[in-house]
Structure formats: structure tokens, C-alpha cells
Amino acid sequence: MKTKSKSAASKMINIIMYRFQHLILIIITVMSFGCSQGEKMTDGKRKNETIMISRKQQPPRPPDAVKAPDFLLSTTDGISITMNNLLGKVILLTFWGTWCAPCRMEIPDLINLHEKYNGDGLEVVGVTISSGSMENISDFVERWKINYLVLTDIGNDETLMLTDEYSRVTGRPITGVPSTFIIDRDGYIVKSYIGPRSERVFYNDLKPYL
């Protein structure tokens with residue numbers, strides 16, 4: 001009888017231990033799943049926050065806003081750039097020449113704007129008109145310590161043809177330089193200037209789009 005009693009007690013203990021281990025396994029599984037779901041929710045929240053930041057609401061476009069013309073131009077290092085390469089950024093595009101005194105007067109302000117606000121999505125672009133070879137323009141860029149994107153012809157007269165395109169789409173002929181345009185993140189021309197402007201004037205108009 002004692003042997004049977006011990007055997008029964010041993011079986012009961014084994015059953016209890018098995019159920020206890022099974023319960024512990026279930027608890028661990030539930031906790032792991034909960035943590036995993038929490039991490040997924042956190043990751044999803046972070047992704048949504050990133051999307052919200054990247055889709056910062058832009059101000060309403062003016063009624064005369066038009067799509068900026070596409071182009072294919074070259075940097076002073078010989079790298080081809082198109083308008084599509086710049087979409088998603090706020091662009092301050094200026095037609096200028098190395099020979100143009102008002103353009104030179106404006107360069108320090110453009111350098112400051114690029115330095116301060118490039119991290120906020122601003123891309124300053126200088127489209128160089130009738131300024132000689134790529135090497136000459138590159139030397140000028142180095143001497144003036146220009147830190148923003150400077151573009152020039154790949155073959156012949158692409159920059160002049162681009163001024164014609166801007167004149168056509170805006171309905172306002174470009175008759176001199178500097179002529180400057182603000183282009184929003186979706187590629188629409190929202191503001192234009194004839195003649196040089198100060199850093200403060202440009203920034204006040206750029207700020208709503210940054």
C-alpha cells in the first residue's frame with residue numbers, strides 16, 4: 001500500500017510539474033509576442049512620424065505658379081544634372097554670369113543661404129550664362145569659394161535655351177541677369193526676381209517652403 005501511495009504521489013507531482021512548465025511556456029510566449037507587437041507599433045509610429053515630417057505642408061501656390069522646365073546641364077566637374085534630380089527640394093535657381101557685376105554682388109548672400117538652410121532642404125542653383133569654358137567657370141567657383149550647385153552647358157547654349165524656356169512658361173522674358181526663381185518641392189515656380197536681392201529678402205520668401 002505504501003508503494004502504491006508513493007507511486008501515485010510521484011505521478012501527481014509529475015503531472016503538476018508538467019502543467020507548471022506548460023504554464024510558464026505559455027506566459028513566456030505571450031510576453032514575447034506582446035513585446036514584439038509593441039516594437040512593431042513603435043516602429044510604425046516612428047515611420048508615420050518620418051512621413052509626416054517629410055510631407056511638411058507647403059503654403060498654397062500663387063495663381064500664376066507654373067511647372068519649372070526640365071533641363072540637362074553639367075556641373076563644373078562634368079556631372080550631368082536634370083531638374084528631376086532636384087525634385088523634393090526647395091530650389092533657388094538663378095541665371096547669372098561670371099562677368100556680371102550685380103551677380104557677383106549677390107554671390108555672398110547665396111553662399112550664406114546655402115550654408116544655413118541646405119540642411120532644411122534648400123538647393124541653391126546657379127545656371128551660368130555665356131561665361132566661357134567649364135574650366136574657366138570652375139576656376140571662378142574656386143576663387144569665390146562658391147559652395148552651392150553651379151551648372152553650365154554640356155554642349156553649346158543649353159543654358160541660353162533654358163532662359164528661353166523660363167521666359168516662355170512664365171510669360172516674362174528674361175532680358176538680363178541675375179534672374180532668379182523660387183521653385184517649390186513639387187517643381188512649381190512660385191516666385192521670381194529680376195536683379196540682385198539680399199539674403200534677407202530671399203529667406204523671407206523661401207521660409208514658408210522650407
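Taken together, the values in this text are just the output of simple stated rules run on the coordinates, not laboratory data. Since this is a predicted model, take the numbers as computed values, not measurements. Cβ: placed from backbone, ideal geometry, glycine included. Neighbour counts: every protein chain shown.
Of the trypsin sites (Lys or Arg not before Pro) found in the stretch 113-168, those that fall in a DSSP loop while having at most 16 other beta-carbon atoms within 10 Å are 145.
Placing a label point 7 Å from the Cα of residue 199 along the Cα-to-Cβ direction, the residues of the stretch 106-124 whose backbone N falls under 15 Å of that point are 106-119, 124. What residues from the stretch 72-115 fall in the zone where the backbone N is under 11 Å from a label point 7 Å along the Cα-to-C-beta line of residue 138? Within reach of a label on residue 138: 75-79.
With the simple spin-label model, which puts each label point 7 Å out from Cα in the Cβ direction, the residue 130 to residue 77 separation comes to 3.0 nm.
A Förster distance of 41 Å, applied to the separation of the beta-carbon atoms of residue 116 and residue 168, puts the FRET efficiency at 0.80. Each eigenvalue of the Cα gyration tensor of the stretch 66-209, multiplied by 5 and square-rooted, gives one semi-axis; in descending order these are 20, 18, 15 Å. Close amide H partners of residue 123, meaning residues 5 or more places away or on another chain with modelled amide H under 5 Å apart, are 90, 91, 92. The HN-Hα couplings worked out from phi for the stretch 147-158 by the Karplus form 6.51 cos²θ - 1.76 cosθ + 1.60 (θ = phi - 60°) are 9, 9, 6, 10, 10, 8, 5, 8, x, 9, 6, 4 Hz, whole numbers, x standing for Gly and Pro. Computed from backbone phi, the HN-Hα couplings of the stretch 102-118 come to x, 5, 4, 4, 7, 4, x, 5, 5, 4, 5, 4, 5, 5, 7, 10, 4 Hz, rounded to whole numbers (Karplus: 6.51 cos²θ - 1.76 cosθ + 1.60, θ = phi - 60°; Gly and Pro given as x). Backbone amide hydrogens, once placed in the peptide plane, bring residue 188 within less than 5 Å of 68, excluding anything fewer than 5 places away on its chain.
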